[in-house]
Structures are given as structure tokens and as C-alpha cells.
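Every number here is computed from the coordinates shown, using simple stated rules; none is lab data. Note that the structure is predicted; figures quoted are calculated from it, not measured. Here Cβ is always computed from backbone atoms with ideal geometry, including for glycine, and neighbour counts include all displayed protein chains.
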Amino acid sequence: MKRDRRSFWDYGIIALAAVLLAFNYQLFIVENGFAPAGLNGIATMIQYKTGFSIGYMSLLINVPLCVAAYFLVERRFALRSLLFCLTYSVSFLLLQRIGLDAFQYVADGHDTIYPVMLSGVIGGFVYGICFQYGASTGGTDIVSKYINKKKPELNFFYVTFILNAVVAVSSLFVYAAPNAFGVPQYNYKPICLCVMYCFMSSFIGNSIIKGTKRAVEFTVITAHPDEISSEISHILKHGCTRIDGVGSFSGDRKTVLICVVNKHQIMDFREILDRYDNTFSFYKTVHETYGNFKKIK
């Protein structure tokens, strides 16, 4: 029962993320003359030139990819990605019918950077949430999952970079406005906006995927393991892992303590170590912690 409730919650979060991305495209992207990253960027340019909706294009691209992922990659990942893509497409088509003209951020030519920044932050948030809940936004994400499964040694960064570069360069021609004589006037603004969107969405998405549970790992070599570990337990409410060690030059036996604490406890940890001689330590950043541990009472 608990597992079913959690799965229902996961699917609900994925669906809400898809709706949020549909609002993002309708409010900040479509009317501002730039294409975002990936296959959705191609769909955006197709809608701009032909009027064929991004919602329908997303269905044509992503439904076959999700079906292929169901047999070639992973069923759970494919089903969750399919839920996202269907919800996103239906939501976008409904928003097109409803019309959100009063709420759209349509730049007047000199402040286009603001809708790009907003859309990049929202897009990155959606990407990060999808990956955390075992789904994807479709397109290159599904291709990436397949490549990673078949050939883990390949770096999909290059594939993504090439696709985004094609989108950026293509936007130079797609969004070219004709002059009074009907001759297209090319400028690099759409390329810059596409690059900025890619940067913002990647930065926010990676931050969410890495998580906010960052900590610090201390490695302590000391002759006072009992005293230090006792203070860490009582003052910082953390435990330690003890390892027996031998100095390579002196041959003296020492104890190595490994302890992970919160970042705001660094100074408290250092104050504990300052009270003991024959103690050496260093620490490094831990991006995220996992596991189930008993709390120290």
C-alpha cells in the first residue's frame, strides 16, 4: 500500500511538472522569437514558420520514442516519460485554445533576456524534477538513456551539444526578419538567446539533480580517537567510522576517523580538533548523502 501511494505521488509530480513546462512555453518562449534546446527547440521553430503546434509535434516525436524505450531501455522510465509527454502536449494544446494573451511576457525588443532567463530557470527546474522521479522530458533525454545503457563509455554530452548547436544555428535563419525590400536580415540575437536558455536550464537542472543535501567529509588522523569521537557524538550529533592506520615515516600506529557533517558545523568540528595534539585532518565537499542511519539520541 505504501509503495502504491508513493508511485501515485511520483506520477502526480511528473504530471504537474509537464503542465508547468507547457505554461513556460506558452507564456515565455513562443512569442519571443527564440528556440530553446533540444527537439522542443526544433518544434518551436516549426510552429513559428508553419503554425503547426508544438503540442502535436511533441506527440509525433515523443510517443514513438517512449514506445521504443519501453522495449529497449526500461519500462518504468518509458511509462513515466510517456506520462510527461502526453500531459505536456495536451496541456499546451489546451493553453493554445484558452489563450493567455493577458499573461504572456512578450518582449518589446530590448528586454528579451528576461523571458529567456525565466523560461530557462523553469525549464531547468522541470528537467531536474523529472530526472529525480525517474522520468524524462522526451526527445534527446530518451536517446541519452538508450545510449547510456548500450554503451556507457560514450559521452552523450557531444550528441546533446551537436543537436543544440544545430538548433542555435538554425534559429539564425528561421527568425530572420525581412527588410523593406523583402531581403532577410540576419542577426545573432536568436543564437544568443538559445545559448542563454541552454545555460540557465542546464545549471538549474544539474543543481536539482545533485540535490541540496550537501555536506562535508572530515578525515582525521589522531592519537585521541575516543575523546574526539565522543565530542563529535555529543556536540555535533554525528557518528564516526574508525580505521586503524600506521604512519609511513614514523611507523606509529594512529586511528583514522571519517565523519560527515553539515556545512554549518565546519567551525564546530575544527574547534573540537583544536583541543587535541597529534591530530591532523582535512575535509572535502560531499555533494549529496544517501542511506538510512540510526539517529544519535
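Scoring 243-250, 9-16, 199-206, 84-91 by mean Cβ neighbours within 10 Å over their residues and listing the highest first yields 84-91, 199-206, 9-16, 243-250.
Legend: residue pairs LYS151/LYS284; LYS49/LYS145; LYS237/LYS263, Cα-Cα distance threshold 20 Å; pairs beyond threshold, LYS151/LYS284; LYS49/LYS145. Of the peptides 24-30, 116-122, the ranking by mean beta-carbon count within 10 Å, highest at the top, reads 24-30, 116-122. Using only side-chain charges placed at the Cβ, +1 for Lys and Arg and -1 for Asp and Glu, the dipole size of the range 2-210 relative to its Cα centre rounds to 900 debye. Considering only SER7, LEU82, GLY134, and ranking their Cα positions along the charge dipole of the range 1-145 that arises from unit charges at the beta-carbon of Lys, Arg, Asp and Glu, the one farthest toward the positive end is SER7. For the chain, the relative contact order is 19 percent, taking Cα pairs closer than 8 Å that sit 6 or more residues apart in sequence and dividing their mean separation by the residue count. Adding -39500 (n - 2.57) for every DSSP H run of four residues or longer, then dividing by how many residues the chain holds, sets the calculated 222 nm ellipticity at -18500 deg cm²/dmol. Once volume of the Cα convex hull per residue in Å³ is calculated for the structure shown, the corresponding label among (1) 212; (2) 171; (3) 182 turns out to be (1). Packing order of peptides 144-151, 93-100, 52-59, 223-230, highest average first: 52-59, 223-230, 144-151, 93-100 (average count of other Cβ atoms within 10 Å over each peptide's residues).
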